[in-house]
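Enquirer: Right, I'll just put the structure down here and ask away after.
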Amino acid sequence: MAKAKNGEASDQRAEVPPSIWERLEATPRSGRTMLTHQQIAEAAVALADAEGLEAVTMRRLAERLSVATMALYRYVDSKDELVELMIDAVARPESLTADLGDWRAVFREVAARHRENVLAHPWLVAAQSQVPNLLTPARNEITERMIGALEPLALTGDQKMQFIRAVDAFARGAANAEANRRMMMERRGHGADGDVRLLLRSSMQWLVRSGRYPRMAK
């Protein structure tokens, strides 16, 4: 029975299709190609920036690119692959300039850039939880840069990755929370930069007056 299960697992691994990035590397550019994956990604990003991630459908994107909907499936197999292209397009590793000799500066810049991207493209919050694979070339370039900055430190490979994941989790959590707050304030008519304390004031005053939360009140 154990052997059968192991065989099934091997079969399942063998059936995993290549990623869109692997296919892009393996497929020679054809003279008949109407679009590039960069054009598709840029159009999808513009649509998501204007109307949100839910607006990015194959039909809407095809209209924006002036092609037939089915023509897009020559380039991407699914909406998830399209979202991967979008995430990769806004990562912009080439814009990172901090000195690799200063790992703190490198990590600070990566965290700050992630915040900038999330605030500029709020759909990233949903996008990053929608696709199963965030190992895009641009994101991997950023990780490679962070590993390079840690090279002088006496850390194992696992420790370096734990360090990177910790900083990424902190930056992602802080940026996503800020983006969600800004979107919530806009939906309620207070403007993205409105003071959330004014929105929550009545609830907070009631909680404090209730006497149930003395530490919070203090």
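Enquirer: With a ≥ b ≥ c the root eigenvalues of the C-alpha gyration tensor of region 139-218, is it rounded (a/c under 1.5), prolate (a/b larger than b/c) or oblate?
Expert: Oblate shape, in that a/c is at least 1.5 and b/c is the bigger or equal ratio.
Enquirer: OK, next. Within region 45-138, list the chymotrypsin sites (Phe, Trp or Tyr not before Pro) lying in a DSSP loop whose Cβ has at most 16 other Cβ atoms in a 10 Å radius.
Expert: Tyr73
Enquirer: Further question on the same structure: Any chance you could run the full-extension gain for Ala55 through Phe170? It's 0.36 nm times the residue separation minus the Cα-Cα distance, nm to one decimal.
Expert: Going from the current span to full extension adds 38.5 nm.
Enquirer: Whole percent per 5 Å bin, from 0 to the bin with the longest distance: what is P(r) over all C-alpha pairs of the chain?
Expert: Values per bin, smallest distances first: 1, 6, 11, 13, 13, 13, 13, 11, 9, 6, 3, 2, 1, 0, 0.
Enquirer: Report the accessible area of Glu63, computed with a 1.4 Å probe over the heavy atoms of all protein chains in place, in Å² rounded to the nearest 10.
Expert: Number for this one is 110 Å².
Enquirer: Under a plain spin-label model, where a point goes 7 Å from the Cα along Cα-to-Cβ, how far apart in nm are Glu22 and Asn180?
Expert: Roughly 3.4 nm, to one decimal.
Enquirer: Order the following by accessible area, largest value first: Met58, Met204, Met216, Met185. Probe radius 1.4 Å; ligands, DNA and RNA are ignored.
Expert: Putting Met58, Met204, Met216, Met185 in descending order of accessible area: Met216, Met204, Met58, Met185.
Enquirer: Per residue, how large is the accessible surface of region 117-218? Use a 1.4 angstrom probe and give square angstrom.
Expert: 66
Enquirer: At 7 Å along the Cα-to-beta-carbon direction for both Glu94 and Glu141, put a label point, then send me their distance in nm to one decimal.
Expert: Spacing of the two 7 Å Cα→Cβ label points: 0.6 nm.
Enquirer: Read phi for every residue in region 56-67 and hand back ³J(HN,Hα) as whole Hz from Karplus 6.51 cos²θ - 1.76 cosθ + 1.60, θ = phi - 60°, with x for Gly and Pro.
Expert: My calculation for region 56-67 gives 7, 10, 4, 5, 5, 5, 4, 4, 5, 8, 6, 9 Hz in order.
Enquirer: Using only the alpha-carbon atoms of region 69-197 as identical scatterers, what base-10 log of I(q)/I(0) does the Debye formula give at q = 0.13 Å⁻¹?
Expert: Values returned for q = 0.13 Å⁻¹ are -0.64.
Enquirer: What does the convex hull of the Cα atoms come to per residue for region 39-144, in Å³?
Expert: Dividing the Cα hull volume of region 39-144 by its residues yields 95 Å³.
Enquirer: In the chain, carbon and sulfur make up what percent of the accessible area (probe 1.4 Å)?
Expert: C and S atoms contribute 53 percent here.
The values are calculated or read from the model by the stated rules, or taken from the named source; none is laboratory data. Given the structure is predicted, the values throughout are model-derived calculations rather than measurements. Note that each Cβ is placed from the backbone with ideal geometry, even for glycine, and that neighbours are counted across all protein chains shown. These accessible areas exclude ligands, DNA and RNA; they are computed on the full protein's heavy atoms, side chains included. Shrake-Rupley method; radii C 1.70, N 1.55, O 1.52, S 1.80 Å.
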